[in-house]
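A.B. asks: My questions all concern the structure below.
Read the figures in this text as sums done on the coordinates, not as results from a lab. Here the structure is a predicted model, which is why all the values come from computation and not from measurement. As a convention, Cβ positions derive from the backbone with ideal geometry for all residues, glycine included, and neighbour counts pool all protein chains shown.
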Amino acid sequence: MRTRINYTGRDRIFRRDVHISVDSRTDSELKCSVNLRLDNYSFPLECPVVVECYHGPQYMRLPFGTVGEVPANSVLDLSEFASAPKVLFRVKVLDFDDHGKLLGLADQVPLTRPDVGESGRSLVAVQPYDIGQRVWRLGFDDEEGRPVLYINNQIEDWREFTGPSSVVFQSSVLPEVFSQILQRVLIEEGNDFDPNSDDWRDSFVKMAQDVGGRPYDSQARANPESKREWIETIVDVFAERHSFANQLVRSRSE
């Protein structure tokens, strides 16, 4: 069980209450849709809210109303990050009397794509990278261990190559990526599953349960072999739901 101790006194804003997704993106443009839910927290309504976008040395800070008047769904122009392979976000709630005091924080929030994933939010970042002659490789971010799907940076149209219209990629790569992530989380790392946690690992297992229609219960987690059997069942259902093999055969015949 993962335990975190809060020494700062500030509230943690859960990622389930922060939704930042791509609204439109080209090689020179990036616009993101931001939706925050702060009504479940005890922040005073007058407190200012700030959204920060960053990648390496690049940084942008944007006011986002107050706790009592957060825009319902606002589109931010982040085009200066259009060429960045990966961007992250912070959401901050500041004290309305002392604007330098931090009352609430959500950090390292990834940008998600609404066209990827079962629930409309992607739990896997996709970015181009120099991986030699390999077409793709699954890695895990050093900061939180989040999965990153690296695509060979020689593929200029990598977004289209990995998109929902790419039958070969979707059918050949996604089930294997799904399997590798579950094996990493449940077998290699041996994580306990907490359905009430917003950690990305628990979110991924929850998504897998929804996809496969099979709970990750005490029987499934009894030993490594039962975990592998559960993973194989989930991945099989995932592939069947999307008819990956049928789609690939049909596209080749056409």
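A.B. asks: Counting Lys and Arg as +1 and Asp and Glu as -1, each charge on the Cβ, what is the dipole of the chain about the Cα centre in debye, to the nearest 20?
C.D. replies: Working: 30 positive and 41 negative charges, 61 e Å.
Dipole about the Cα centre, nearest 20: 300 debye.
A.B. asks: Now for a separate question. Mind pulling the angle between the C-alpha long axis of helix 167-183 and the longest principal axis of the chain? Nearest 10 degrees, somewhere in 0 to 90.
C.D. replies: Helix 167-183 sits at roughly 70 degrees to that axis.
A.B. asks: Further, regarding this structure: Leaving out same-chain residues fewer than 8 places away, which aspartates and glutamates sit with a Cα under 13 Å from that of K92?
C.D. replies: The reachable aspartates and glutamates, counting only those whose Cα sits under 13 Å from K92, are D11, D17, E52, D107.
A.B. asks: Here's another thing I want to ask about it. How far is helix 224-242 tilted off the main Cα axis of the chain, in degrees rounded to 10, range 0 to 90?
C.D. replies: 90
A.B. asks: Ignoring solvent entirely, what values of log10 I(q)/I(0) come out of the Debye formula for the chain at 0.15, 0.17, 0.18 Å⁻¹ when each Cα is a single scatterer?
C.D. replies: Cα-only, vacuum Debye calculation for the chain: -1.19, -1.40, -1.47.
A.B. asks: Given a Förster radius of 30 Å and the C-beta distance between F140 and R221 as r, what FRET efficiency does 1/(1 + (r/R0)^6) yield to the nearest 0.05? Before the final figure, lay out the partial values.
C.D. replies: Values: r = 21 Å, r/R0 = 0.70.
Computed FRET efficiency for F140 and R221 comes out at 0.90.
A.B. asks: OK, next. Please go through segment 127-164 and write out the GluC sites (Glu not before Pro) that DSSP classes as loop and that have at most 15 other C-beta atoms within 10 Å. Can you show the working numbers first?
C.D. replies: Details: sites: E143, E144, E156, E160; in loops: E143, E144, E156.
Loop-located and lightly packed - E143, E144, E156.
A.B. asks: Magnitude of the Cβ-charge dipole of segment 129-231, K/R +1 and D/E -1, about the Cα centre, nearest 20 debye? Don't jump to the answer; show the numbers that get you there.
C.D. replies: Numbers: 11 positive and 20 negative charges, 85 e Å.
I would put it at about 420 debye.
A.B. asks: Which log10 I(q)/I(0) values does segment 11-110 give at q = 0.13 Å⁻¹ under the Debye formula, counting every alpha carbon as one identical point scatterer?
C.D. replies: Listed by q, the Debye log ratios stand at -0.43.
A.B. asks: Set Lys and Arg Cβ to +1 and Asp and Glu Cβ to -1, take the dipole of the chain about its Cα centre, and tell me which of A208, Q108, L248 lies farthest positive.
C.D. replies: Result: L248.
A.B. asks: Compute the long axis of helix 200-212 from its Cα atoms, compare it with the longest principal axis of the Cα atoms of the chain, and write down the angle in degrees, 0 to 90, nearest 10.
C.D. replies: Helix 200-212 and the main axis of the chain meet at about 50 degrees.
A.B. asks: Now for a separate question. Could you give P(r) for segment 169-210, binned at 10 Å from zero, as whole percent values over all Cα-Cα pairs?
C.D. replies: In whole percents, the pair-distance histogram is 28, 51, 19, 1.
A.B. asks: What is the gain in length, in nm to one decimal, between L102 and S165 on full extension, counting 0.36 nm per residue of separation less the C-alpha to C-alpha distance? Walk me through the numbers before you get to the answer.
C.D. replies: Numbers: separation 63, 0.36 × 63 = 22.68 nm, distance 4.32 nm.
That works out to 18.4 nm of additional length.
A.B. asks: Something else: Taking neighbour Cβ counts within 10 Å as the exposure measure, how do E254, E52 sort from fewest upward?
C.D. replies: Details: E254 6, E52 16.
Ranking E254, E52 by Cβ neighbours within 10 Å, fewest first, gives E254, E52.
A.B. asks: Still on this model: In segment 12-27, which residues have a backbone nitrogen under 15 Å from the label point lying 7 Å from S83's Cα in the Cα-to-Cβ direction?
C.D. replies: 26-27
A.B. asks: Please report the Cα spread of segment 125-253 along all three principal axes, rounded to whole Å, starting with the longest.
C.D. replies: Per principal axis, max minus min of the Cα coordinates gives 44, 37, 24 Å.
A.B. asks: Looking only at L38, L102, L111, which one moves most when the chain is put into a Gaussian network model with springs between Cα atoms under 10 Å?
C.D. replies: Comparing L38, L102, L111 in the GNM, the peak value goes to L102.
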